[in-house]
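Heads up, the thing below is written out as structure tokens.
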Amino acid sequence: MIFRQLFDATSGTYTYLLASRPGGEALIIDPVLEKVERYLQLVAELDLKLVKAVDTHLHADHITALGALRDRTHCITVMGEQTKADVVSMRVAEGDRIAIEGLRLDVLYTPGHTDDSYSFLFADRVFTGDTLLIRGTGRTDFQNGDPRAQYDSIFNKLLKLPDATLVYPAHDYKGDTVSTIGEERLYNPRLRVKSIDEYAELMNNLKLPNPKMMDVAVPANMRVGLHQDEIARRGWALTAAEAIALRERADIAIVDLRESGERDKHGVIPGSLHAPYPSLQQQIGPGGMLHELARSSGKRIVFYCAFGERSAMAVQAAQDAGLKTVCHITGGIGAWKKANGPLA
Ligand SMILES: [Fe+2]
């Protein structure tokens with residue numbers, strides 16, 4: 001396994017790079033915009049392919065690199081389903097898995113610091129975001145923070161993990177890099193409370209100043225910009241209503257780019273083909289299924305995904321590969337459902 005803990009000294013943020021092998025797929029957690037060149041250099045040096053960029057929550061103290069990494073690597077951007085960040089191309093919830101080649105993270109919903117805070121369990125370690133810090137916990141006084149929800153997340157989820165589980169937080173301001181669940185249970189001063197009321201009382205009286213970057217970072221992180229806006233400007237997009245009207249035509253092939261877990265959970269467009277986004281480059285290249293479909297059958301390929309972001313990147317990639325009749329459904333299956341499109 002490849003595991004790197006990277007640090008942004010300006011915001012005190014830890015970023016984690018994970019991969020199962022040199023030459024394989026990689027995933028990054030909580031990347032910081034100013035560090036993008038460093039991440040991409042490291043990814044290249046380790047001969048990795050970045051396929052997913054994940055934020056544990058909407059950050060208030062730095063600008064996320066999710067948008068920049070998406071633009072540079074065409075990776076899938078992942079956050080929790082509650083998030084107000086626009087850049088997300090895959091939303092996850094409690095019990096879901098975030099998988100790349102050779103490894104997977106189990107998704108734990110751990111609200112409290114914000115209402116979109118998640119932790120990710122991977123083998124012997126858990127990435128706790130700002131829910132559980134080393135000898136601390138994330139503040140709960142803005143972004144729909146809630147000390148009672150955080151108490152529940154910590155005491156009823158994170159502290160239920162085995163004591164030896166390594167704790168990798170999103171921040172540290174003292175120089176600590178890693179802890180364990182057992183250690184935090186014993187020595188974290190915030191956890192020495194006897195009740196949820198006592199915890200709420202403690203958290204409601206911290207009287208912390210707002211983060212320096214908050215007024216810049218929160219709006220910037222909510223509106224990174226959508227890839228599908230540009231695709232629509234180029235005329236390569238259908239609205240959900242247009243796609244519903246076209247869906248039974250013989251010269252149309254609708255292609256689902258989502259992963260199997262998303263298809264099982266949210267349903268599929270009847271009669272659509274399945275080509276997961278990570279396999280796209282092979283599929284659109286010579287000999288690939290989508291290449292043959294577009295070239296030999298002359299069908300117009302219509303991509304869709306969860307919200308229209310992966311499909312927008314796929315349209316661009318297919319156009320670049322010479323498949324000129326390809327388009328996608330703006331807003332993905334989410335928009336399709338809102339327009340009362342049928343599901344299978
Ligand atoms: Fe935070």
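Of all residues in segment 136-154, those that are over 25 Å from GLU183 (Cβ atoms) have Cβ atoms under 8 Å from Cβ atoms of residues that are assigned to a loop (DSSP other than H, G, I, E, B) and open to solvent by 30 Å² or more (accessible area, probe 1.4 Å), 6 or more apart or on another chain, in ASP141/LEU206; ASP141/LEU208; PHE142/ASN210; GLN143/ASP115; ASN144/ASP115; ASP146/ASP115.
Do you know which of the residues in segment 70-115 that are of a type in the set (Val, Ile, Thr) and touching a helix residue (DSSP H, G or I) at 6+ places or on another chain (Cβ under 7 Å) is nearest to ALA220 (Cα to Cα)? Break it down stepwise before answering.
Quick first cut of segment 70-115, residues of a type in the set (Val, Ile, Thr) only: 73, 76-78, 83, 87-88, 92, 98, 100, 107, 110, 114.
Add one more test, that the residue is touching a helix residue (DSSP H, G or I) at 6+ places or on another chain (Cβ under 7 Å), and what stays is 76-77, 87, 110.
On the way: ILE76: 19, THR77: 16, VAL87: 11, THR110: 23 Å.
Out of the qualifying residues, it is VAL87.
Let's see how each residue does on (1) open to solvent by less than 30 Å² (accessible area, probe 1.4 Å); (2) in contact (Cβ under 8 Å) with a residue 24 or more places away in the chain:
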position: ILE231; (1), (2): yes, yes
position: MET289; (1), (2): no, no
position: ALA294; (1), (2): yes, yes
position: ILE301; (1), (2): yes, yes
position: ALA318; (1), (2): yes, yes
position: GLY322; (1), (2): yes, no
position: VAL326; (1), (2): yes, yes
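Yes or no: ARG139 over 26 Å from VAL218 (Cβ atoms) and basic (Lys, Arg)? Spell out the reasoning first.
Values: over 26 Å from VAL218 (Cβ atoms): no; basic (Lys, Arg): yes.
No: the conditions fail for ARG139.
Within segment 189-198, is even one residue touching a strand residue (DSSP E or B) at 6+ places or on another chain (Cβ under 9 Å), touching a residue at least 40 places away in the same chain (Cβ under 8 Å) and either surrounded by 17 or more Cβ atoms within 10 Å (Cβ to Cβ) or in a loop (DSSP other than H, G, I, E, B) (or both)?
The initial filter retains those residues of segment 189-198 that are touching a strand residue (DSSP E or B) at 6+ places or on another chain (Cβ under 9 Å), namely 189-191.
From what is left, the residues that are touching a residue at least 40 places away in the same chain (Cβ under 8 Å) are 189-191.
Of the ones still in play, those that are also either surrounded by 17 or more Cβ atoms within 10 Å (Cβ to Cβ) or in a loop (DSSP other than H, G, I, E, B) (or both) are 190-191.
Yes, there is a match, as at least one residue in segment 189-198 is touching a strand residue (DSSP E or B) at 6+ places or on another chain (Cβ under 9 Å), touching a residue at least 40 places away in the same chain (Cβ under 8 Å) and either surrounded by 17 or more Cβ atoms within 10 Å (Cβ to Cβ) or in a loop (DSSP other than H, G, I, E, B) (or both).
In the condition set (1) over 15 Å from the mean Cα position of the chain (by Cα); (2) among the aromatic types (Phe, Trp, Tyr); (3) within 16 Å of the ligand (Cβ to nearest atom), TYR39 is compliant with all but (3).
Pull up segment 206-228, narrow it to residues that are open to solvent by 80 Å² or more (accessible area, probe 1.4 Å) and free of Cβ contacts under 8 Å to residues at least 12 places away in the same chain, then point me to the one that is farthest from ALA60 (Cα to Cα). It would help to see each step written out before you state the result.
Step one: list which residues in segment 206-228 are open to solvent by 80 Å² or more (accessible area, probe 1.4 Å), which gives 207, 209-210, 212, 215-216, 223.
Then keep just the ones that are free of Cβ contacts under 8 Å to residues at least 12 places away in the same chain; that gives 207, 209, 215.
Details: LYS207: 17, PRO209: 13, ASP215: 8 Å.
Per the stated criteria, the residue is LYS207.
HIS57 meets the stated requirement of being within 14 Å of the ligand (Cβ to nearest atom) and either closer than 18 Å to GLU34 by Cα or of a type outside the set (Lys, Arg) (or both).
Going residue by residue through segment 134-141, is there one that turns out to be away from the ligand (no atom under 16 Å from the Cβ), open to solvent by 10 Å² or more (accessible area, probe 1.4 Å) and over 22 Å from THR83 (Cβ atoms)?
Here is the first cut: in segment 134-141, the ones away from the ligand (no atom under 16 Å from the Cβ) are 135.
Among the residues that remain, those that are also open to solvent by 10 Å² or more (accessible area, probe 1.4 Å) are: 135.
The next check asks that each one be over 22 Å from THR83 (Cβ atoms); those that pass are 135.
Yes: segment 134-141 contains one or more residues that are away from the ligand (no atom under 16 Å from the Cβ), open to solvent by 10 Å² or more (accessible area, probe 1.4 Å) and over 22 Å from THR83 (Cβ atoms).
Restricting attention to segment 155-171, the residues that are assigned to a helix (DSSP H, G or I) and surrounded by 15 or more Cβ atoms within 10 Å (Cβ to Cβ) add up to 3.
Looking only at residues in segment 109-127 that are crowded, with 24+ Cβ neighbours inside 10 Å and not β-branched (Val, Ile, Thr), the one that is farthest from the ligand (Cβ to nearest atom) is PHE120.
Between ASP320, ASP256, the distinction of being acidic (Asp, Glu) and closer than 21 Å to LYS49 by Cβ belongs to ASP320 only. Residues in segment 61-97 that are in contact (Cβ under 8 Å) with a residue 60 or more places away in the chain, away from the ligand (no atom under 16 Å from the Cβ) and touching a Leu at 6+ places or on another chain (Cβ under 7 Å): THR77, ASP86, VAL87, ARG97.
Out of (1) of a type in the set (D, E, K, R); (2) more than 16 Å from the ligand (Cβ to nearest atom); (3) crowded, with 22+ Cβ neighbours inside 10 Å, the odd one out for ASP130 is which? The number of the failed condition is (2). Filtered by the rule that a residue be of a type outside the set (A, V, I, L, M, F, W, C), assigned to a loop (DSSP other than H, G, I, E, B), in contact with a strand residue (DSSP E or B) (Cβ under 8 Å, 6 or more places away or on another chain) and over 18 Å from ILE252 (Cβ atoms), segment 296-344 gives no residues. Residues in segment 45-64 include at least one that is assigned to a helix (DSSP H, G or I) and open to solvent by 10 Å² or more (accessible area, probe 1.4 Å).
For segment 256-271, the count of residues that are farther than 22 Å from GLN150 by Cα, small (Gly, Ala, Ser) and more than 22 Å from the chain's Cα centre (by Cα) is at least one. The set of residues in segment 177-232 that are hydroxyl-bearing (Ser, Thr, Tyr) and closer than 30 Å to LEU66 by Cα comprises THR177, SER179, THR180.
The values are calculated or read from the model by the stated rules, or taken from the named source; none is laboratory data. These numbers come from a predicted model, not from an experiment. Heads up, the Cβs are rebuilt from the backbone with ideal geometry, glycines too, and the neighbour counts pull from every protein chain shown. Please note that ligands, DNA and RNA were not included when accessible areas were found on the heavy atoms of the full protein model with its side chains. Shrake-Rupley method; radii C 1.70, N 1.55, O 1.52, S 1.80 Å.
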